[in-house]
Amino acid sequence: MDSILVIEDNEDVNHMLAESLMDEGYNTQSAFTGIEGLNKIKDFNFDLILLDIMLPYKSGDEILKEIRKFSDVPVIIISAKDMIGTKIDFLRLGADDYITKPFDLGEVVARIESNLRRFRKQINEAKVFKYKGILLDDSAKRVCVNGVEIELTAKEYMILEMLIKHQGKVFTKANLYESIWQEEYLGDDNAVKTHVSNLRNKLHKVDCDEKYIETVWGLGYRLYKE
């Protein structure tokens, strides 16, 4: 289920958008000030953000600049400002789309679907895989967590790659060992356990509030369900 954050200080508009998007099947959260919105973005991995321009404490352009320092999440501006110069400025700042108030809810949903579809296509074409705060670039063999690159050994990378490319699947220690070490698994799981532990520690150092790799007792490992 895609998650969307609505940052809009008008409570009626915010609730209308949030409720309509929930009816469409989206997991939706609301923020009513710029600071509240930015804090939620830093604490939660959203798939798309609806952003008003005129907000208390932090304006829409300030929030957009902050977002683009650490995330390429799609951002759609929703504003009563309909001047072409304003639209161009926000698109140049990194907004993906711009909707003018008053708006039609059907158009908002269609624009959201279009932007999510385009973003997924870009990720797939770039061979970038996403899970919570992790972005794994399979072309460059790079891993970033919340925008911070982490250094992994070859085997740590391969373990994470297997887990993130097959989210939800449980890999036994034998699966991991034989796939990564390319040797017959003879029951000694110390190598796998050590590498998984090191991988967990590296993820935890960057994002101590999130759990990524789950131990399924008696079976093996998988990513925690989002």
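The values are calculated or read from the model by the stated rules, or taken from the named source; none is laboratory data. Just so you know, these numbers come straight off a predicted model, no measurement behind them. Glycine gets a Cβ as well: all are built from the backbone with ideal geometry, and neighbour counts include every protein chain shown.
A search for C-beta distances below 7 Å between a residue of the stretch 106-124 that is at positive phi and assigned by TED's automatic domain parsing to the domain that holds ASP23 and any residue that is in a helix (DSSP H, G or I) and aromatic (Phe, Trp, Tyr), counting only pairs 6+ apart in sequence or on different chains, returns nothing. Is it the case that the stretch 145-163 has a residue that's among the β-branched types (Val, Ile, Thr) and under 30 Å from ILE77 (Cα atoms)? Yes, the stretch 145-163 contains at least one residue that is among the β-branched types (Val, Ile, Thr) and under 30 Å from ILE77 (Cα atoms).
When ALA110 is tested against (1) of a type in the set (Gly, Ala, Ser); (2) outside any loop (DSSP other than H, G, I, E, B); (3) surrounded by 14 or more Cβ atoms within 10 Å (Cβ to Cβ), just one condition goes unmet, and that condition is (3). Scanning the stretch 198-226 for residues that are among the small types (Gly, Ala, Ser) and either within 15 Å of MET158 (Cβ to Cβ) or surrounded by 12 or more Cβ atoms within 10 Å (Cβ to Cβ) (or both) gives a single hit, GLY220.
Whether a residue is in contact with a Gly (Cβ under 8 Å, 6 or more places away or on another chain) and either over 22 Å from ILE53 (Cβ atoms) or part of a helix (DSSP H, G or I) (or both) was assessed, and PHE90 passes this test.
A quick yes/no check of all residues on (1) assigned to a strand (DSSP E or B); (2) within 21 Å of the chain's Cα centre (by Cα); (3) within 26 Å of GLY133 (Cβ to Cβ); (4) in contact (Cβ under 8 Å) with a residue 24 or more places away in the chain:
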{"residue": "LEU21", "(1), (2), (3), (4)": "no, yes, yes, yes"}
{"residue": "GLY25", "(1), (2), (3), (4)": "no, yes, yes, yes"}
{"residue": "LEU38", "(1), (2), (3), (4)": "no, yes, yes, yes"}
{"residue": "PHE46", "(1), (2), (3), (4)": "no, yes, yes, yes"}
{"residue": "LEU50", "(1), (2), (3), (4)": "yes, yes, yes, yes"}
{"residue": "ASP61", "(1), (2), (3), (4)": "no, yes, yes, yes"}
{"residue": "GLU66", "(1), (2), (3), (4)": "no, yes, yes, yes"}
{"residue": "ILE77", "(1), (2), (3), (4)": "yes, yes, yes, yes"}
{"residue": "ILE99", "(1), (2), (3), (4)": "yes, no, no, no"}
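Answer yes or no as to whether GLU214 is within 23 Å of the chain's Cα centre (by Cα), modelled with pLDDT of 85 or more and under 22 Å from PHE46 (Cα atoms). Let's see the steps before the verdict.
Working: within 23 Å of the chain's Cα centre (by Cα): yes; modelled with pLDDT of 85 or more: yes; under 22 Å from PHE46 (Cα atoms): yes.
It is true that GLU214 is within 23 Å of the chain's Cα centre (by Cα), modelled with pLDDT of 85 or more and under 22 Å from PHE46 (Cα atoms).
State the number of residues belonging to the stretch 182-196 that are assigned to a loop (DSSP other than H, G, I, E, B) and farther than 21 Å from LEU223 by Cβ.
Start the filter on the stretch 182-196 by keeping residues that are assigned to a loop (DSSP other than H, G, I, E, B), which leaves 182-189.
Filter once more, keeping what is farther than 21 Å from LEU223 by Cβ: 182-188.
Residues that pass the stated criteria total 7.
Of all residues in the stretch 37-92, those satisfying the criterion of being touching a strand residue (DSSP E or B) at 6+ places or on another chain (Cβ under 8 Å) and of a type in the set (D, E, K, R) are LYS40, ASP47, ASP52, LYS81, ASP82, LYS87.
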